[in-house]
Amino acid sequence: MREQTSFVKGIKDGLPICFGYLSISFAFGIYACANGLSILQAVVMSITNLTSAGQLASVPIIAAGGTIAELLISQIVINLRYALMSVSLSQKLGKSVRMLDRFVIAFANTDEVFAVASSQEGTVGRNYLYGLILTPPIGWTLGTLLGAAAGAVLPEILVSALGIAIYGMFIAIVMPKAKTERPTALCVGLSIVLSCLFYYIPVLRTIPSGFTIIICAVIASGVFAFLAPININGEAQNDA
Amino acid sequence: MMHSFLIYLIAMAGITYLIRMLPLVLVKKKIKNKYILSFLYYIPYAVLTVMTIPAIFYSTSYKLSAIVGFVIAFILAYINKSLVTVAALSCVGVFVTELLLKFV
């Protein structure tokens, strides 16, 4: 199988993530400081955690002086999806990725890094991965700093417009596959239905969003793994 | 505050790293089972979809501007535009819509 080994390609693929992060972490910076964290605390949290939903959820707990147990449980629930992604990514790693590399790559295995790495043909090598994970943490931290420092100054309308950036990116990642592979399109369709059920049905809505993501994604993927298993080349089959 | 913040920070950063690191380090063998492989193949698309819909419609100040942003992203992604192009023009769409909503 072909291994993606270009460091430059990694950098190129990582830059959109870096820019996308600028806007989300900008919003996080504003939010964190509005809830009593200092600029330094917000920035340090971003460097060490590199996770949007987890960090957002931690702010009210920290602000209210919540217990460590509460904080840990919230982080596990929200971030457990990364465990799923890390298992998936482990299957995507090329021969050039060594043990030590896995410890480093794991730190930066965010939703977006994972999505981009997964969308490569064949396997991904260490040089590509290091290129890919180089800039996103910079964007994430810098955005937090800018948001925390200048958030109050920026007009709300700009902050609002930037809020959609990350979702636009997600759509751009999913669409090419959904367009060409019918099972993937159907899996995406089922994901939409499940996600909306969990969002709009009052009882299901009480489930924390981190759990909702895991439940919906596991059901949708499980159903289509059974109905339309991929072929030897690692592609979903259109005859399914 | 600084002291207790450090404990919070270490706790959340530690658990988040462990969640990401353990599976990546422990799962070293190539999985051979067709169904598990297929499950892992669909996972990224399912996860991203669940995260996007319906959340995208609540990601801006107005539902209408979010819908405009979504439609722009959908069309541009369909004609295979790059991640940056899709994300940036989607933002522009939201911005212009909200300008119109506010000032027209």
| said: Just to be sure before I move on: is A:Asn49 surrounded by 22 or more Cβ atoms within 10 Å (Cβ to Cβ), in contact with a helix residue (DSSP H, G or I) (Cβ under 6 Å, 6 or more places away or on another chain) and closer than 15 Å to B:Ile10 by Cα in the structure I sent? | reply: yes
| In the set A:Leu154, A:Leu146, A:Leu194, A:Leu162, which member is more than 25 Å from B:Leu22 (Cα to Cα) and modelled with pLDDT of 95 or more? | A:Leu194
| task | Filter the stretch A:208-223 down to residues that are more than 19 Å from A:Met175 (Cβ to Cβ) and not hydrophobic (A, V, I, L, M, F, W, C) and give me whichever is farthest from the other protein chains (Cβ to nearest Cβ). | result | A:Pro208
| closer than 27 Å to A:Ala32 by Cα, part of a helix (DSSP H, G or I), polar (S, T, N, Q) and more than 9 Å from every other protein chain (Cβ to nearest Cβ): does that describe A:Ser46? | yes
| query | Out of all the residues in the stretch B:66-80, which are surrounded by 16 or more Cβ atoms within 10 Å (Cβ to Cβ) and more than 7 Å from every other protein chain (Cβ to nearest Cβ)? | reply | B:Ile67, B:Val68, B:Phe70, B:Ile72, B:Leu76
| query | Can you find even one residue in the stretch A:132-154 that is part of a strand (DSSP E or B) and within 13 Å of chain B (Cβ to nearest Cβ)? | reply | no
| query | Could we say that A:Phe26 is in contact (Cβ under 8 Å) with a residue 60 or more places away in the chain, surrounded by 22 or more Cβ atoms within 10 Å (Cβ to Cβ) and assigned by TED's automatic domain parsing to the domain that holds A:Val113 here? | reply | yes
| message | Just to confirm my filter: which helices (runs of 4 or more DSSP H) fall fully inside the stretch A:177-227 and include at least 3 residues that are surrounded by 21 or more Cβ atoms within 10 Å (Cβ to Cβ)? | response | A:182-200, A:209-227
| said: Filter the stretch A:187-207 down to the residues that are at the interface with chain B (Cβ under 9 Å from one of its Cβ atoms) and among the polar types (S, T, N, Q) and list them by number. | reply: A:Ser191, A:Ser195
| request: Return yes when A:Ile201 is outside the structural domain of A:Asp13 (by TED's automatic domain parsing) and out of contact with any helix residue (DSSP H, G or I) (no Cβ under 9 Å at 6 or more places or on another chain) and no when it is not. | output: yes
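Would you confirm, using the coordinates I've provided, whether A:Ser38 is of a type in the set (S, T, N, Q), over 16 Å from the mean Cα position of the chain (by Cα), buried (at least 19 other Cβ atoms within 10 Å of the Cβ) and within 9 Å of another protein chain (Cβ to nearest Cβ)?
So A:Ser38 does not fit the description; no.
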| request: May I ask you to say which residue of B:Ala46, B:Ala88, B:Ala13 is at the interface with another protein chain (Cβ under 7 Å from one of its Cβ atoms), closer than 26 Å to A:Lys9 by Cα, among the small types (Gly, Ala, Ser) and buried (at least 16 other Cβ atoms within 10 Å of the Cβ)? | output: B:Ala46
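The values are calculated or read from the model by the stated rules, or taken from the named source; none is laboratory data. From a predicted model like this one, the values you see are computed outputs, not experimental measurements. Positions of Cβ are generated from backbone atoms using ideal geometry, with glycine treated the same way; all protein chains shown enter the neighbour counts.
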